[in-house]
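The values are calculated or read from the model by the stated rules, or taken from the named source; none is laboratory data. Note that the structure is a prediction, hence the values are computed from the model and not measured. Quick reminder, even Gly has a Cβ in these numbers, built from the backbone with ideal geometry, and neighbours come from all protein chains shown.
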């Protein structure tokens, strides 16, 4: 009986000691991996292996750790090699000459996009690649760029989302040999507060069935081809963004397999069309502004369907403001302002010459400028 009582007392004492350790652990919990905290928790579980303590240990053991470059590792590549899911790689200011392949669930965080720069030669490949089956990747506050020029038929993007998924925030992506950001093979990209400029091809190119990009407060400017494009079944959304002075269209979507939404976005001074949809099924454009684009404001062709436009401004574009090719199905047009465009304001039932098939990127020839009295408005 004495032995039993002593055992019970010891168990109570162990539980009390474990409770003290757990309380200390909770006070030290910063949401990141800490060897000190884990050691305390291991002792708490040894003293009191209750379900509650074991669940807490499992939770905190899964926390990611913070790895610093160059303090802990001289290169980002070296830091990524030892990083696991939920780890964060913090990169101090400087220029880093690296080409990175992202592991699953890891973040790269720069000191600021002005001060933390990652670049690699254009002929080496992408600065950042997110391969298939890699997700929960986050890249924040960095400048990403190519050095040197490649004029080959095949060129690397600065960021390649090749079947994986990425969240990018506060990025400056510049001087890409090919596309600034390429999302392909079912890849997914969510981008906010980013700028993509001076790309040799498109700013952001989304290609293939299942590929998707969602943009919020993104600027695509002065890219040699399109600002943003969706090809071969790719889809996405654009919100509160700017598509400015690109060499072709501000935004181009050809045969997306899912609906595309564009809201509160300004497309201006592009050399072709502000927003161009070809063979799209489900387009919602709300509170956007197409302004001073060389060939036209907004164009729909190739039997685009389920088109909805509300609260848009289409102003001072060359050749035509708003164009619907014959066969395009519009379900809603509400409170759109179409004015001061050089040719027709709204051109319905447009008939374009048959394409030679040599170039499916550029829009069809625009209508000739018409006299004011021939315009719809």
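Annotation note: of 282, 311, the sole residue that is touching a residue at least 12 places away in the same chain (Cβ under 8 Å) and farther than 20 Å from residue 230 by Cα is 311.
Kindly establish whether residue 243 is part of a strand (DSSP E or B) and under 13 Å from the mean Cα position of the chain (by Cα). No: the conditions fail for residue 243.
Restricted to region 50-64, and to residues there that are out of contact with any helix residue (DSSP H, G or I) (no Cβ under 9 Å at 6 or more places or on another chain) and in a loop (DSSP other than H, G, I, E, B), the residue that is surrounded by the most Cβ atoms within 10 Å (Cβ to Cβ) is 64. Considering region 267-366, the qualifying strands (runs of 3 or more DSSP E), each wholly inside and each with 2 or more residues that are modelled with pLDDT of 95 or more and surrounded by 17 or more Cβ atoms within 10 Å (Cβ to Cβ), run over 273-278, 281-286, 289-291, 296-301, 305-310, 313-315, 320-325, 344-350. Annotation: of all residues in region 244-266 being buried (at least 24 other Cβ atoms within 10 Å of the Cβ), in contact (Cβ under 8 Å) with a residue 40 or more places away in the chain and in contact with a strand residue (DSSP E or B) (Cβ under 6 Å, 6 or more places away or on another chain), the one that is farthest from residue 316 (Cα to Cα) is 252. Taken over region 102-121, residues that are buried (at least 17 other Cβ atoms within 10 Å of the Cβ) and not in a loop (DSSP other than H, G, I, E, B) amount to 9. With the requirement that a residue be in a loop (DSSP other than H, G, I, E, B) and surrounded by fewer than 19 Cβ atoms within 10 Å (Cβ to Cβ), what does region 75-91 give you? 75, 82, 84, 85, 86 - these are the residues of region 75-91 that are in a loop (DSSP other than H, G, I, E, B) and surrounded by fewer than 19 Cβ atoms within 10 Å (Cβ to Cβ).
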